Each structure stands twice: as C-alpha cells, then as structure tokens.
Amino acid sequence: MSRRSALAYLVALVIALVGSSAIVPAPVLAQRAAPSLQAAASFDPPSASIGDRVTLTLRVTHPEDVILKATPPNLDQIDVVNTAPATSAPAGPGTQATTFTYTLQPFVLGTVDTGTLRLSWLRADGATGTFDVPGAKLIVAPVRAQNDQALRPLKPQASIAGAPPAWVRPAIGGVAVLALSLVLALAVRLLRRRRRDTSIEVGPTDNSPDRVAREALDALGAAAGPARLDYPTYYGGLALTVRTYLAARFGFNAHALTTRELERRMVSHGVDRWQARLVAGLLERCDDAVYAHRHPDFASADHDLTVAYEIVELSRPRDRGVEGQAALA
C-alpha cells in the first residue's frame with residue numbers, strides 16, 4: 001500500500017469515528033446525574049393569630065450553573081399576600097444560595113401545613129427536572145384564652161396581730177348607723193322643702209353589639225355539652241348571633257343575604273377578604289348542621305363557638321364610640 005493510500009484510509013477512519021459519535025441519541029448525552037440541591041422551608045414567626053402576616057422562606061443551595069423556579073403554596077386556609085422576587089448569593093466554591101420569600105395571612109385556627117413544596121431546575125446543558133422540599137408548619141392560635149371567663153378564688157383575708165378590743169367594732173358600727181340616720185333625715189328634709197322628686201342617675205348600660213353577641217355566645221356555650229348538645233338549636237343560635245352582630249356592626253341586613261352575598265357585602269364594606277371568608281365558612285357549617293343534618297363531633301362544635309368569639313373580637317372597633325368601623329384585633 002502506498003503512502004497516499006494509507007493517508008486516505010486514516011482520514012476515512014477519523015471521519016467514521018466522528019460521525020458515529022455525532023449520531024449518539026440525545027437522551028444518552030442527557031443521562032447526567034441530577035444537580036445536588038439542598039433546601040429548607042420555615043415560617044417566621046412559627047406561631048401567629050388569625051389575620052397576622054407571616055413570612056414563608058424557602059432557601060435552596062445549588063450549583064452555579066443551575067436556575068431554580070418555585071411555585072407559591074396553594075392552601076385553602078391561608079392567603080398569599082405577596083411574593084417577593086427571588087434573591088441569590090454565593091454560598092461557597094461553585095455554589096449559590098437562592099431564597100424565595102412569600103408573605104402569607106392565615107384565617108383558620110389550628111396548624112397550617114404547607115405540605116411538600118416542589119422546585120423546578122434548569123441546568124446550563126439543557127437538562128431539567130424537579131426537586132421536592134419538605135414543607136413547614138404554622139400554628140394559628142386564638143387571641144381569646146380558653147379560661148378568661150373562669151371565676152378566680154378570692155385572696156384570704158389578712159390577719160393583723162394586736163386586734164382592738166371587742167367593744168370597738170360595735171361602737172364603730174353604732175356611730176356609722178347614727179351618721180347614716182342623720183344623713184337620711186337631712187335628705188328627707190331637703191326633699192320635703194323643695195317639694196319635687198329627684199331621679200337617681202344610673203350609669204349607662206353597655207348595649208354595644210359586641211357585648212350583646214358575647215352574652216349570646218356565652219349562653220350557647222353554657223347550654224352545650226358532649227351528652228346534651230342540641231345541634232340544630234346550637235348551630236342555629238351561632239348563625240343568628242353572627243348575622244345579628246354583623247347587621248348591627250356594619251349597617252346592612254345580614255339576615256336577608258345568602259352566605260356568598262354576605263361575604264361579598266362585607267368585602268365591599270372594607271372588611272378584609274380573609275375575615276369575610278372566616279365568617280362564610282362558619283355560616284356554611286351552621287347551615288349544614290341545621291338544614292342538612294350533618295352534625296360534627298363535640299370538639300368541632302366547640303371549635304366553631306371559638307371561631308364565633310374570634311369574629312366578634314376581630315370586628316370590634318378600636319374606638320367604641322364609633323359604630324360600624326371594624327378593626328383587626
């Protein structure tokens with residue numbers, strides 16, 4: 001074989017090898033290991049009340065050639081108020097830390113669990129995939145203590161050494177009776193001299209809507225018990241108390257509106273959407289118990305009474321002289 005023939009054979013072999021590598025299927029080239037991702041989610045603060053705004057932070061450590069995308073959590077018992085732009089910062093040689101921040105507002109009592117959060121990633125070589133992050137939990141506690149109406153025992157009377165003689169107390173009592181008799185006689189004499197009646201001024205009675213609603217809820221709670229709970233009467237009383245309170249507080253006929261119409265009317269009167277949804281949820285459960293005869297257990301019924309107290313507390317105006325102006329607790 002001549003030198004020219006050998007050279008031509010070598011060139012043909014190189015072309016064949018290059019061509020065979022160029023036609024390797026794309027899935028084979030894409031079978032690289034997924035990027036190393038480390039993520040954690042947390043609430044700040046970890047415990048809040050209904051209507052408080054909390055921050056959900058999702059922090060992910062990843063290689064520099066990876067781009068991340070997160071989806072805000074979609075929960076029935078919490079609203080996403082604001083989604084902040086993602087921020088990135090160096091976290092070490094060849095790695096970055098990307099932080100996703102969401103401002104949330106709960107409107108249901110209990111523990112809120114975001115569940116598993118899913119991230120989407122895109123690498124510089126075109127490979128894509130998803131990554132699941134363990135969720136975070138938020139405790140939503142009531143603003144009203146469970147035993148704030150419990151009677152407290154009186155403090156024992158203080159005993160002082162060296163008590164006065166036994167005759168001192170009767171003498172003091174006699175002097176007090178004599179002084180009271182003189183005052184009464186003087187008052188009767190003045191009344192006869194003026195020949196007119198006088199009325200005793202009585203302090204104003206607290207007939208505010210929230211006071212009336214609290215007394216009605218107290219009566220419902222006192223009559224309820226695990227063995228004697230009358231569900232139609234109990235939930236009918238809850239619905240009537242809440243609607244009567246809203247009608248007196250905001251100035252519209254809450255009894256003539258459906259649950260959805262009442263929710264829209266509250267929002268149109270400046271009430272926050274989460275608070276209107278809290279009222280709508282309670283009234284729907286009342287309708288289910290009264291008309292559909294779906295009776296929950298006693299713990300859930302007692303929880304609904306607590307929610308009714310929360311509605312009254314959250315809607316109470318800051319200035320008690322101004323009726324109809326709702327404020328957050």
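Karplus-based coupling profile of region 83-99, in residue order and whole Hz: 10, 7, x, 5, 10, 10, 8, x, 10, x, x, x, 10, 9, 10, 9, 10, with θ = phi - 60° in 6.51 cos²θ - 1.76 cosθ + 1.60 and x standing for Gly or Pro.
If R0 is taken as 30 Å, the Cβ-Cβ distance between THR128 and ARG273 corresponds to a FRET efficiency of 0.25. Between SER300 and VAL183, residue separation times 0.36 nm minus the direct Cα-Cα distance comes to 36.2 nm. Packing around the peptides 239-251, 112-124, taken as the average count of other Cβ atoms within 10 Å per residue, puts them in this order, highest first: 239-251, 112-124.
Charged neighbours of PRO226, selected by a Cβ distance under 13 Å, balance to -2 (K, R count +1; D, E count -1).
The phi-based Karplus calculation (6.51 cos²θ - 1.76 cosθ + 1.60; θ = phi - 60°) puts the 3J(HN,Hα) values of region 45-58 at x, x, 9, 8, 9, 4, x, 5, 9, 10, 10, 9, 10, 10 Hz, whole numbers, x for Gly and Pro. Converting phi to 3J(HN,Hα) with the Karplus coefficients 6.51, -1.76 and 1.60 and the offset θ = phi - 60°, region 178-192 yields 5, 5, 5, 5, 4, 5, 5, 4, 5, 5, 5, 5, 5, 5, 5 Hz in sequence order, with x at every glycine or proline. Here the spin labels are modelled as points 7 Å beyond Cα on the Cα-Cβ line, and at ARG193 and ALA222 they lie 4.7 nm apart. Label sites at GLU64 and ASP79, each approximated as a point 7 angstrom past Cα along Cα to Cβ, lie 4.3 nm apart. Distances between placed amide hydrogens fall under 5 Å for ALA86 paired with no residue 5 or more residues away or on another chain. Length gained on full extension, ARG53 to GLN157: 32.7 nm, using 0.36 nm per residue less the C-alpha separation. Shape analysis of region 203-324 yields a ratio of the Cα radius of gyration to the Kirkwood radius, Rg/Rh, of 0.97.
Since every read-out is calculated from the coordinates, none of them should be taken as a lab result. Predicted, not measured: the structure shown is a model, and the values here were computed from it. Neighbour counts run over all protein chains shown; Cβ positions are idealised from the backbone, glycine included.
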